[in-house]
Amino acid sequence: MSNYNSRKLEGTPPWMRFAPYAALGVLVFSFNSTSELNYFWKGYLTILQAQAGIVMLYFAMSQFRKQGKNKLNS
């Protein structure tokens, strides 16, 4: 069994793997801090936005990996 899939990100620095998630956190925080909603609605929206953002980041990062892999093969 190959460990190739688990080693895809070994060449990148740790801060580059953390950067998209930190940017997502900053965006969710800035959006929710400017809204004038009830405290509980802010918490609910924060959870929903974080979940949706993580799913979108996952698919976007997989697309970027596929594009990079195709450029290397051609």
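General observations
- In the stretch 44-64, the residues that are surrounded by 14 or more Cβ atoms within 10 Å (Cβ to Cβ) and more than 12 Å from the chain's Cα centre (by Cα): LEU45, THR46
- Check on MET61, without any contact (Cβ under 8 Å) to a residue 24 or more places away in the chain, part of a helix (DSSP H, G or I) and of a type in the set (A, V, I, L, M): no
- Pairs where the first residue, in the stretch 11-32, is farther than 17 Å from TYR44 by Cβ and without any contact (Cβ under 8 Å) to a residue 12 or more places away in the chain and the second is open to solvent by less than 90 Å² (accessible area, probe 1.4 Å) and part of a loop (DSSP other than H, G, I, E, B), C-beta under 7 Å, 6+ apart: ARG17/LEU9
- Scanning the stretch 28-38 for residues being assigned to a helix (DSSP H, G or I) and either at pLDDT 90 or above or open to solvent by less than 70 Å² (accessible area, probe 1.4 Å) (or both) gives a total of 4.
The values are calculated or read from the model by the stated rules, or taken from the named source; none is laboratory data. Remember, it's a predicted structure, so these values are computed and weren't measured experimentally. Quick reminder, even Gly has a Cβ in these numbers, built from the backbone with ideal geometry, and neighbours come from all protein chains shown. Each accessible area value is taken on the protein alone, full model and side chains, heavy atoms only, with ligands, DNA and RNA left out. Shrake-Rupley method; radii C 1.70, N 1.55, O 1.52, S 1.80 Å.
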